[in-house]
Amino acid sequence: MADSRTAYRTCPFCEAACGLELTLDRDRVTAARGDREHVFSHGFVCPKGATFGQANDDPDRLRRPLVKRGGQHVEVEWDEAFAEVARGLRPILDTYGPHAVALYLGNPNVHTMAGGLYVTPLVKALGTRNVFSASTVDQMPKHVSSGYLFGSPLTIPVPDLDRTDLLLMLGANPWESNGSLATAADFPGRLKAIQQRGGRFVVVDPRRTRTAAHADEHLFIRPGTDAYLLFGIVHTLFADGLVALGHLEPYVTGVDAVAELAAGFAPDRVSTACGVPAERIRSLAHELAAAERAAVYGRIGTCTVEFGTLTSWLVDVINVLTGHLDRAGGVMFPLAAHLSKGRGTGKGFRVGRWRSRVRGLPEVKGELPVATLADEIETPGAEQVRAFITVAGNPVLSTPNSGRLDRALAGLSFMVSVDPYLNETTRHADVVLPPPDALRKGHYDFSFLALAVRNFAAYSPPVVAAEPGSPDECDILAHLALIASGRPGTVTEVHELMLAQALDRAGLSEASGSSPAERLLDVALRAGAYEGMSLDRLLANPHGVDLGPLQPRIPEVLRTPSGRIELAFDGLTAETDRLRAALDRPRDGLVLIGRRHLRSNNSWMHNVPALVKGRDRCTLQIHPADADRLDLRDGDDAQVTSRAGGLAARVEVTDTVMPGVVSLPHGWGHGVPGTRMAVAADHPGVNSNILTDETTVDPLSGNSVLNGIPVEIKALTG
Ligand SMILES: Nc1nc2c(c(=O)[nH]1)N[C@H]1C(S)=C(S)[C@@H](COP(=O)(O)OP(=O)(O)OC[C@H]3O[C@@H](n4cnc5c(=O)[nH]c(N)nc54)[C@H](O)[C@@H]3O)O[C@H]1N2
Ligand SMILES: Nc1nc2c(c(=O)[nH]1)N[C@H]1C(S)=C(S)[C@@H](COP(=O)(O)OP(=O)(O)OC[C@H]3O[C@@H](n4cnc5c(=O)[nH]c(N)nc54)[C@H](O)[C@@H]3O)O[C@H]1N2
Ligand code: SF4
Ligand SMILES: [Mo]
């Protein structure tokens, strides 16, 4: 074991940003455990982090680029692969213009430095209106509500988990997901600590999840109806004289407008629609108002629904009206080391700078809803999408009506994917450019350190040298940007230009670091909010640098034109009217929701044997009463049909889902021809997004509706 060594690095798999302690034998990870000295995760690790070695060494992971020749993907040299990209993309750009090329950015872009640093130049070089990302199947409603409330879509408050006494949590299952839009290593441990110090947490979810089972109270809710429950709480706050802005008093506008909007949503009026007793809605309002330290936190179950933006807005409206926003133990704004403090005012937030060609859906945060990607590919016209670039995404499994998208991708003129796997999406690509594995990349969480429940910073340098001749992921994106720009130049020149611009903005003259990404990070850290912060400081502290508990940031953090929290915004009244109109909608049919499992990560970690072993997890959960009525027994196969499509799924009868609700996890549906993921193919499951419907979106954010999908279910005999 002469070559055995230890390396510390941040786990790149989920938002919890845990520190890992890796044991390496030469270039191979032989063990991965939690880094006990890590300033934020203190040794916590989940099964995914613990299989870091297996995931990283997966024999199906691509190490060299692939080009499709005669319908087969064959390995080629990097130069040849980029030449093939230029041959595919340039004629389309030159003939049809920039909008004929669409870009899809998948979830791991928020886990890579390339995603944080080199996506922007790629988007700029392309100049296309057709930018799509996993954000519109995830958190876009939260960006939009935060944009209107606080002036910037990235100004998102997180629950101050370590100091709160009462947490109302809707549509989140951190026992499986490890948390989201609230970076909290060992989220479950932090929730148990609330209970240990005499506080409590309440979970609102159509399933009795593991999180709900640990909660002090679990309230079942009809999928997609959280806005009613939350408006019922807001109504009570006004009706019972509980509104108390406290320290926020000078910084809030629009309180009267909210009171008016809430008028039609008395608890007695909304109770039937959402399924939460009126009395409990009222008492929740009183408990939140009375608590010294309380927080409302909503996650994906409040976003991927029909009224996603309204629901996300209501979450923070309650935090504001009860005076719990920007206070210890409430919801607070993190301050990441690479970011600067604000000036307390700004241009504010707006959407709709352009619209999608086919459905006229508004741009939000520089992108269009992925729910309309297939429309743009299929619909003829001068600006029809003919070429497609994916970076770290698998939309064929992760976006609504993915059966239709799968067919649309087959008809493209050209497609290139930056991805380490030949999977359900990248099998359509003419060129696949695999980035190096995580050991060969530096890691800094540009996104998640700005969402952490305690301020800290950590950087992990590459642990293993790059393969000779293989570009870094930053180089790959820079190269694509160069091709898209159509200008002569080299990748090195792209890096140098970016560095020069960053130095200029920061008023600095030089940066330290041994790669383009490290130098850009160094500039950001040295220009950031904390004295003495730099790349060198983080390199000297492999277990991270603790920057203390969250601090109040209002008014400095606000970027609204008024310099206040603006509760009312354009479109709010119309959306509230739509919500009111839906109050008496019949709710007797079955609706589909998703679920996550601790040993999954969306679609892409099902190729790790240790993570897929054991019982089939891709089951259709159904309540015993519904199963009886439909004559279904545990283990039967059932046909599930929606407006978008149909599939056959294995039934699991369980009273953990509420009557009227069925649940199927997303990210499955492997083993299709042309893919190269042998383990996943042995555990294929079915693709739940065959059933989700691309024709309805949350109108304010363009986010897909992935929960509360009307379905019909029939026993499959034979
Ligand atoms: N029905 C339903 N659908 C959902 C959801 C749901 O709850 N229900 N959840 C949604 C959510 S929250 C999300 S975020 C999306 C995710 O949607 P996507 O981002 O489209 O899908 P992932 O499964 O995360 O796929 C990630 C891809 O990145 C590749 N990859 C992994 N690491 C790297 C890397 O370092 N570099 C590069 N270039 N590629 C890498 C993987 O091989 C894989 O192809 O799915 C959404 N879809
Ligand atoms: N193990 C694992 N961890 C992950 C991921 C993964 O795939 N696997 N994905 C990562 C990603 S990309 C993300 S975005 C995060 C997501 O993190 P979370 O938001 O915690 O995601 P989920 O575990 O899907 O929990 C969402 C919960 O919402 C409930 N729900 C569904 N519809 C409704 C509704 O209408 N109202 C309410 N109140 N609840 C509803 C579901 O039953 C579910 O329990 O997880 C991340 N972490
Ligand atoms: S919780 Fe997330 S960051 Fe932590 S070890 Fe697991 S996958 Fe990695
Ligand atoms: Mo996500």
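For region 476-544, please list each of the helices (runs of 4 or more DSSP H) lying entirely inside it that holds at least 1 residues being outside the structural domain of Ala17 (by TED's automatic domain parsing) and among the hydroxyl-bearing types (Ser, Thr, Tyr).
Those helices (runs of 4 or more DSSP H) span 491-506.
What single numbered condition from (1) of a type in the set (A, V, I, L, M, F, W, C); (2) surrounded by fewer than 23 Cβ atoms within 10 Å (Cβ to Cβ); (3) under 17 Å from Gly594 (Cβ atoms); (4) within 14 Å of ligand 1 (Cβ to nearest atom) fails to hold for Ala649?
Answer for Ala649: the failing condition is (2).
Kindly list the number of the only condition in (1) of a type outside the set (D, E, K, R); (2) touching a Leu at 6+ places or on another chain (Cβ under 9 Å); (3) near ligand 1 (Cβ under 8 Å from one of its atoms) that fails for Asn394.
Among (1) of a type outside the set (D, E, K, R); (2) touching a Leu at 6+ places or on another chain (Cβ under 9 Å); (3) near ligand 1 (Cβ under 8 Å from one of its atoms), Asn394 violates only (2).
What number goes with the only condition from (1) under 22 Å from Val612 (Cβ atoms); (2) of a type in the set (D, E, K, R); (3) part of a strand (DSSP E or B) that Glu21 does not pass?
If we test Glu21 against (1) under 22 Å from Val612 (Cβ atoms); (2) of a type in the set (D, E, K, R); (3) part of a strand (DSSP E or B), just (1) comes out false.
So if I check each of Val137, Val119, which one is out of contact with any Pro (no Cβ under 9 Å at 6 or more places or on another chain) and either within 16 Å of ligand 3 (Cβ to nearest atom) or at pLDDT 95 or above (or both)?
Val119
Take Trp78 and decide whether it is surrounded by fewer than 23 Cβ atoms within 10 Å (Cβ to Cβ), within 26 Å of Asn602 (Cβ to Cβ) and either within 16 Å of ligand 1 (Cβ to nearest atom) or free of Cβ contacts under 8 Å to residues at least 60 places away in the same chain (or both).
The answer is no for Trp78.
Within region 557-575, is even one residue within 16 Å of ligand 1 (Cβ to nearest atom), touching a residue at least 60 places away in the same chain (Cβ under 8 Å) and not in a helix (DSSP H, G or I)?
no
Evaluate the following for Phe201: is it within 29 Å of Gly708 (Cα to Cα), assigned to a strand (DSSP E or B) and either within 16 Å of ligand 3 (Cβ to nearest atom) or not assigned by TED's automatic domain parsing to the domain that holds Ser283 (or both)?
No: the conditions fail for Phe201.
Can you tell me which residue among Lys142, Lys124 is modelled with pLDDT of 95 or more, surrounded by fewer than 24 Cβ atoms within 10 Å (Cβ to Cβ) and of a type outside the set (Gly, Ala, Ser)?
Exactly one residue qualifies, and that residue is Lys124.
Taking region 332-341, which residues are assigned to a loop (DSSP other than H, G, I, E, B) and buried (at least 19 other Cβ atoms within 10 Å of the Cβ)?
Scanning region 332-341 gives Phe333, Pro334, Leu335, Ala336, Ala337, His338.
Mind listing whichever residues of region 601-619 are in contact (Cβ under 8 Å) with a residue 60 or more places away in the chain and out of contact with any Gly (no Cβ under 6 Å at 6 or more places or on another chain)?
Listed by number, the residues that qualify are Asn601, Trp604, Met605, His606, Asn607, Val608, Pro609, Ala610, Leu611, Val612, Asp616, Arg617.
Across region 161-195, what is the total count of residues that are within 14 Å of ligand 3 (Cβ to nearest atom) and in a strand (DSSP E or B)?
Number of matching residues: 1.
Out of Ser398, Ser447, Ser417, report the one residue that is crowded, with 24+ Cβ neighbours inside 10 Å and within 16 Å of ligand 4 (Cβ to nearest atom).
Just a single option satisfies the conditions, and that option is Ser398.
Count, please, the residues in region 366-395 that happen to be within 16 Å of ligand 2 (Cβ to nearest atom) and in a loop (DSSP other than H, G, I, E, B).
Residues that pass the stated criteria total 3.
Give the residue that is farthest from ligand 3 (Cβ to nearest atom), with candidates limited to residues of region 204-217 that are in a loop (DSSP other than H, G, I, E, B) and farther than 18 Å from Asn707 by Cβ.
Selected residue: Asp216.
I'd like the full set of residues that are more than 16 Å from ligand 1 (Cβ to nearest atom) and either buried (at least 24 other Cβ atoms within 10 Å of the Cβ) or closer than 16 Å to Gly53 by Cβ (or both), limited to region 1-11.
Matches in region 1-11: Met1, Asp3, Ser4, Arg5, Thr6, Ala7, Tyr8.
Here is a check on your reading of the model: is Pro462 over 30 Å from Val101 (Cβ atoms) and either at pLDDT 95 or above or surrounded by 14 or more Cβ atoms within 10 Å (Cβ to Cβ) (or both)?
In short, yes.
Scan region 478-487 and tell me whether some residue there is at pLDDT 95 or above, closer than 30 Å to Asp25 by Cβ, in contact with a helix residue (DSSP H, G or I) (Cβ under 6 Å, 6 or more places away or on another chain) and not acidic (Asp, Glu).
There is no residue in region 478-487 that is at pLDDT 95 or above, closer than 30 Å to Asp25 by Cβ, in contact with a helix residue (DSSP H, G or I) (Cβ under 6 Å, 6 or more places away or on another chain) and not acidic (Asp, Glu).
Within region 343-361, is there a residue that is farther than 30 Å from Phe388 by Cα, of a type in the set (Lys, Arg) and not assigned by TED's automatic domain parsing to the domain that holds Ala259?
yes
Could you tell me which of the residues Arg617, Arg629, Arg587 is of a type in the set (Lys, Arg) and under 27 Å from Ala392 (Cβ atoms)?
Unique residue meeting the criteria: Arg617.
Evaluate the following for Thr120: is it outside any helix (DSSP H, G or I), away from ligand 2 (no atom under 13 Å from the Cβ) and outside the structural domain of Glu566 (by TED's automatic domain parsing)?
For Thr120, the condition - outside any helix (DSSP H, G or I), away from ligand 2 (no atom under 13 Å from the Cβ) and outside the structural domain of Glu566 (by TED's automatic domain parsing) - is not met.
Could you tell me whether region 83-103 includes any residue that is within 22 Å of the chain's Cα centre (by Cα), within 17 Å of Ala387 (Cβ to Cβ) and in the same structural domain as Thr426 (by TED's automatic domain parsing)?
yes
Can you find even one residue in region 12-27 that is within 15 Å of ligand 1 (Cβ to nearest atom) and of a type in the set (Ser, Thr, Tyr)?
Within region 12-27, none of the residues are within 15 Å of ligand 1 (Cβ to nearest atom) and of a type in the set (Ser, Thr, Tyr).
Only one of these conditions is not met by Leu149: (1) in the same structural domain as Arg299 (by TED's automatic domain parsing); (2) in contact with a strand residue (DSSP E or B) (Cβ under 9 Å, 6 or more places away or on another chain). Which number is it?
Only one criterion in (1) in the same structural domain as Arg299 (by TED's automatic domain parsing); (2) in contact with a strand residue (DSSP E or B) (Cβ under 9 Å, 6 or more places away or on another chain) is unmet by Leu149, namely (1).
Looking at Ala484, Ala500, can you tell me which residue is surrounded by 21 or more Cβ atoms within 10 Å (Cβ to Cβ) and over 30 Å from Asp35 (Cβ atoms)?
Result of the check over Ala484, Ala500: Ala484.
Could you give every pair whose Cβ atoms fall below 7 Å, whose first residue belongs to region 172-190 and is more than 18 Å from Asn707 (Cα to Cα), and whose second residue is hydroxyl-bearing (Ser, Thr, Tyr) and more than 9 Å from ligand 2 (Cβ to nearest atom), counting only separations of at least 6 or pairs across chains?
Cβ pairs passing all conditions: Ala182/Tyr297; Ala185/Ser41; Asp186/Ser41.
Suppose we filter region 580-612 for residues that are closer than 13 Å to Thr51 by Cα and either assigned to a loop (DSSP other than H, G, I, E, B) or more than 27 Å from the chain's Cα centre (by Cα) (or both); how many remain?
7
Phe44 - would you say it is outside any helix (DSSP H, G or I), crowded, with 19+ Cβ neighbours inside 10 Å, within 16 Å of ligand 3 (Cβ to nearest atom) and within 27 Å of the chain's Cα centre (by Cα)?
yes
The values are calculated or read from the model by the stated rules, or taken from the named source; none is laboratory data. Keep in mind that what you see is a predicted model, and the values were worked out from it rather than measured. Note: ideal-geometry Cβ built from the backbone for every residue, glycine included; neighbour counts use all protein chains shown.
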